[in-house]
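Structure first, then comments.
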Amino acid sequence: MFFLASCGGNNSNDETTTATEDTTSTSTTTQAQAPGADIPGIDTVSVTDHITLTGSDDMKYDKTLFKVKAGQKVTLDFKNVGKQPAAAMSHNVVILQQGTDVQKFGEAAIPAASTGHIPPSMTDDVIAHTKLLGPGESDKITFTLTDPGVYDFICSFPGHFGTMNGKIVAEP
Ligand SMILES: [Cu+2]
């Protein structure tokens with residue numbers, strides 16, 4: 001089974017850690033574990049088919065974790081609630097296919113100004129995206145995550161994906 005490391009770079013000793021980790025008294029078998037079960041806070045998130053999200057001048061989304069049902073159509077309402085001029089501080093929401101290299105996508109998006117910072121070379125990795133929004137603007141999209149799993153979303157405006165990112169868990 002595939003687990004997305006939520007914070008890269010500190011998983012070099014995975015095997016040793018899990019082997020010695022006996023603090024959980026419950027069985028550590030991973031049978032039938034739900035997608036994203038290892039994401040901190042996932043327990044507090046309910047399944048929805050309507051996501052509302054805002055982006056702000058401090059380069060953050062107001063929420064970063066969602067849970068949907070795989071195969072079900074989802075509506076996403078996104079608004080840029082900031083006041084900075086669009087040229088300096090625009091936001092979007094780009095939902096990426098499972099397994100997309102987020103770092104690579106974010107970097108490829110930087111020069112892609114003419115396509116709203118959606119890199120033409122990586123459109124296959126995009127499930128859906130909002131328009132790039134200036135202050136006060138909003139956009140609504142619908143999408144379906146066909147396979148259960150964990151999907152990353154980011155703002156692809158240059159320099160934003162490091163702080164503007166989140167995950168959508170699609171339950172079976
Ligand atoms: Cu942004």
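Check Asn92 against each of (1) over 17 Å from Ile51 (Cβ atoms); (2) in contact with a Cys (Cβ under 8 Å, 6 or more places away or on another chain) and name the one condition it does not meet.
(1)
Just give me the residues in the stretch 59-118 being touching a residue at least 24 places away in the same chain (Cβ under 8 Å) and among the charged types (D, E, K, R), in sequence order.
Of everything in the stretch 59-118, those that are touching a residue at least 24 places away in the same chain (Cβ under 8 Å) and among the charged types (D, E, K, R) turn out to be Lys60, Lys63, Lys67, Lys69, Lys73, Asp77, Lys79, Lys83.
Does Ile51 qualify as being surrounded by 13 or more Cβ atoms within 10 Å (Cβ to Cβ) and either of a type in the set (S, T, N, Q) or at pLDDT 95 or above (or both)?
For Ile51, the condition - surrounded by 13 or more Cβ atoms within 10 Å (Cβ to Cβ) and either of a type in the set (S, T, N, Q) or at pLDDT 95 or above (or both) - is met.
I'd like to check something: does the stretch 92-111 contain any residue that is part of a loop (DSSP other than H, G, I, E, B), among the small types (Gly, Ala, Ser) and more than 16 Å from the ligand (Cβ to nearest atom)?
Within the stretch 92-111, the subset part of a loop (DSSP other than H, G, I, E, B) is 92-93, 97-101, 110-111.
Next, only the ones that are among the small types (Gly, Ala, Ser) stay: 99.
Restricting the remaining residues to those that are more than 16 Å from the ligand (Cβ to nearest atom) gives 99.
Yes: one or more hits.
Could you list, in sequence order, the residues of the stretch 127-139 that are open to solvent by 20 Å² or more (accessible area, probe 1.4 Å) and within 16 Å of the ligand (Cβ to nearest atom)? Break it down stepwise before answering.
Applying the first criterion (open to solvent by 20 Å² or more (accessible area, probe 1.4 Å)) to the stretch 127-139 yields 127, 129, 131-132, 135-139.
Hits for the stretch 127-139 are His129, Lys131, Leu132, Pro135, Gly136, Glu137, Ser138, Asp139.
Can you tell me which residue is most open to solvent (accessible area, probe 1.4 Å) among those in the stretch 140-172 that are outside any loop (DSSP other than H, G, I, E, B), within 13 Å of the ligand (Cβ to nearest atom) and not small (Gly, Ala, Ser)? Reasoning before the result, please.
Residues of the stretch 140-172 that are outside any loop (DSSP other than H, G, I, E, B), as a first pass: 140-144, 149-154, 165-171.
Then drop every residue that is not within 13 Å of the ligand (Cβ to nearest atom), which leaves 153-154, 165-166.
Those left that are additionally not small (Gly, Ala, Ser): 153-154, 165.
Working: Phe153: 3, Ile154: 1, Asn165: 61 Å².
Residue satisfying both the conditions and the ranking: Asn165.
What residue, of Met122, Met89, is within 16 Å of the ligand (Cβ to nearest atom) and open to solvent by less than 50 Å² (accessible area, probe 1.4 Å)? Explain how you work it out, then say what you get.
Details: Met122 fails: within 16 Å of the ligand (Cβ to nearest atom).
Answer to the check: Met89.
Scan the stretch 53-77 for residues that are closer than 21 Å to Gly36 by Cβ, among the polar types (S, T, N, Q) and within 14 Å of the ligand (Cβ to nearest atom) and report the count.
Summing the residues that are closer than 21 Å to Gly36 by Cβ, among the polar types (S, T, N, Q) and within 14 Å of the ligand (Cβ to nearest atom) in the stretch 53-77 gives 1.
Conditions first: (1) within 26 Å of Val47 (Cβ to Cβ); (2) open to solvent by 80 Å² or more (accessible area, probe 1.4 Å). Thr75 passes all but one, so which condition is the exception?
Only one criterion in (1) within 26 Å of Val47 (Cβ to Cβ); (2) open to solvent by 80 Å² or more (accessible area, probe 1.4 Å) is unmet by Thr75, namely (2).
The values are calculated or read from the model by the stated rules, or taken from the named source; none is laboratory data. Predicted model only: the values in this text are computed from it and were never measured. In this analysis, Cβ positions are derived from the backbone assuming ideal geometry, glycine residues included, and neighbour counts consider all displayed protein chains. When the accessible area is computed, the model is the full protein with side chains, heavy atoms only, and any ligands, DNA or RNA have been set aside. Shrake-Rupley method; radii C 1.70, N 1.55, O 1.52, S 1.80 Å.
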